[in-house]
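Written out below as structure tokens is the structure these notes cover.
The values are calculated or read from the model by the stated rules, or taken from the named source; none is laboratory data. All values derive from a computational prediction rather than experimental measurement. Ideal geometry is used to build each Cβ from the backbone, glycine not excepted, and the neighbour counts take in all protein chains shown.
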Amino acid sequence: MRDTVMEYETSKVLKFAREGKRVDGRALDEMREITIETGMSENAEGSTIVTLGKTKIIAGLKVDIGKPYPDNQDEGSISIGAETLPLAHPDYESGRPSADEVELARVVDRGLRESKAIDFKKLCITKGEAVWVGFLDFYALNGDGNLFDAGSIAALVTFNNAKLPKLDKEGKIILHEYDGKIKLARQPLLTTFAKVGGKIMLDPTYLEEKASDARYSAATTDDGFISAMQKGVGGSFTLEEVDYMIDKAFEIGDKIRKQIKQVK
């Protein structure tokens, strides 16, 4: 029964797309409404809830003391994980990370990491002995498509507002006391598109993703760089379509960055 309903819904998405329309009434290049909330977790060094249309994600950052990597003795590190909770959508399952979750986490991580927004040397406590290690995990609370952009926004806002724990004289973390912040050199954001019925759609919904032939994400920065790109699903894009999506990614990224600046 569910498969029959899904087939009907995706066929409707395709029919609208071929006419240059979307089922939810948006223009092809229109983003859904974004709301951002911060500071809901007292035990995290940073936390954010992002709502993108009906898609909702929560992100939390924990910072701990760790050993530096052998080839980067004076640098801290970060790790980003993603989980699509079963409560968020019937397609999501519990258990080991799925291929989709691994891709989601890696794309969000790459957009942030490759932008060089974080100076990992500033996360060094004692060279060769102790560094700050940040573990950012985000979870889908409701899945209606484009977890990439929602996760990217949540990760960026969380790091923007993250606090570094305070250390005592023995170098141990003092709970609920902080000393400084993680300062970002730039503001990288993902912008994601889907090709549906031969049309390029910005910020695809779940049904648009299901009906799509290809997906493309570009991470842009506020100072004019592309820090990462990811092609997903099957299908292909023309060079003209890629050029269009990159230009649109900078435009949309700048709009979202303006909204993020208002977040406290």
Item to complete: Please find, within the range 198-213, the residue that is nearest to D149 (Cα to Cα) out of those that are in contact with a Ser or Thr (Cβ under 9 Å, 6 or more places away or on another chain) and part of a loop (DSSP other than H, G, I, E, B).
Response: D203
Worksheet, complete the sentence: For the range 115-128, pairs from a residue that is within 15 Å of N160 (Cα to Cα) to a residue that is polar (S, T, N, Q) and part of a loop (DSSP other than H, G, I, E, B), with Cβ under 6 Å and 6 or more apart or across chains, are S115/T221
Worksheet item: Scanning for something more than 26 Å from D119 (Cα to Cα), surrounded by fewer than 18 Cβ atoms within 10 Å (Cβ to Cβ) and acidic (D, E), does the range 211-221 turn up at least one residue?
Response: yes
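For the range 149-194, how many residues are hydrophobic (A, V, I, L, M, F, W, C) and farther than 16 Å from I57 by Cα? First the steps, then the outcome.
Just the residues of the range 149-194 that are hydrophobic (A, V, I, L, M, F, W, C), to begin with: 150, 153-157, 159, 162, 164, 167, 173-175, 182, 184-185, 189-190, 193-194.
Filter again for farther than 16 Å from I57 by Cα, leaving 162, 164, 167, 173-175, 182, 184-185, 193-194.
Total satisfying the criteria: 11.
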Discussion item. Looking at (1) over 28 Å from L61 (Cα atoms); (2) touching a Ser or Thr at 6+ places or on another chain (Cβ under 7 Å); (3) surrounded by fewer than 18 Cβ atoms within 10 Å (Cβ to Cβ); (4) in contact (Cβ under 8 Å) with a residue 24 or more places away in the chain, which one does V242 not meet, given that it meets all the others?
Written reply: (2)
Worksheet item: Right, S115: under 20 Å from A185 (Cα atoms), touching a Phe, Trp or Tyr at 6+ places or on another chain (Cβ under 8 Å) and in a loop (DSSP other than H, G, I, E, B) or not?
Response: yes
Worksheet item: How many residues does the range 251-264 hold that are in a helix (DSSP H, G or I) and without any contact (Cβ under 8 Å) to a residue 40 or more places away in the chain?
Response: 4
Discussion item. Residues that are modelled with pLDDT of 95 or more, out of contact with any Asp or Glu (no Cβ under 9 Å at 6 or more places or on another chain) and more than 27 Å from T191 (Cβ to Cβ): does the range 130-140 have at least one?
Written reply: yes
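Name every residue in the range 178-194 that is surrounded by 24 or more Cβ atoms within 10 Å (Cβ to Cβ) and modelled with pLDDT of 95 or more, in order of residue number.
Within the range 178-194, the first condition is being surrounded by 24 or more Cβ atoms within 10 Å (Cβ to Cβ), and the residues that meet it are 182, 188-194.
Correct list: P188, L189, L190, T191, T192, F193, A194.
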Response to the item:
Note on the range 89-112: residues assigned to a helix (DSSP H, G or I) and either in contact (Cβ under 8 Å) with a residue 60 or more places away in the chain or touching a Lys or Arg at 6+ places or on another chain (Cβ under 8 Å) (or both) are E103, V107, V108, R110, G111, L112
Practice prompt. Please tell me if L190 is touching a strand residue (DSSP E or B) at 6+ places or on another chain (Cβ under 6 Å) and closer than 24 Å to T35 by Cα.
Written response: yes
Discussion item. So, in the range 214-239, exactly how many residues are part of a loop (DSSP other than H, G, I, E, B), of a type outside the set (A, V, I, L, M, F, W, C), within 26 Å of K15 (Cα to Cα) and touching a residue at least 40 places away in the same chain (Cβ under 8 Å)?
Written reply: 1
Worksheet entry | Single unsatisfied condition, F148 versus (1) of a type outside the set (V, I, T); (2) exposed (fewer than 15 other Cβ atoms within 10 Å of the Cβ); (3) under 15 Å from the mean Cα position of the chain (by Cα) | (2)
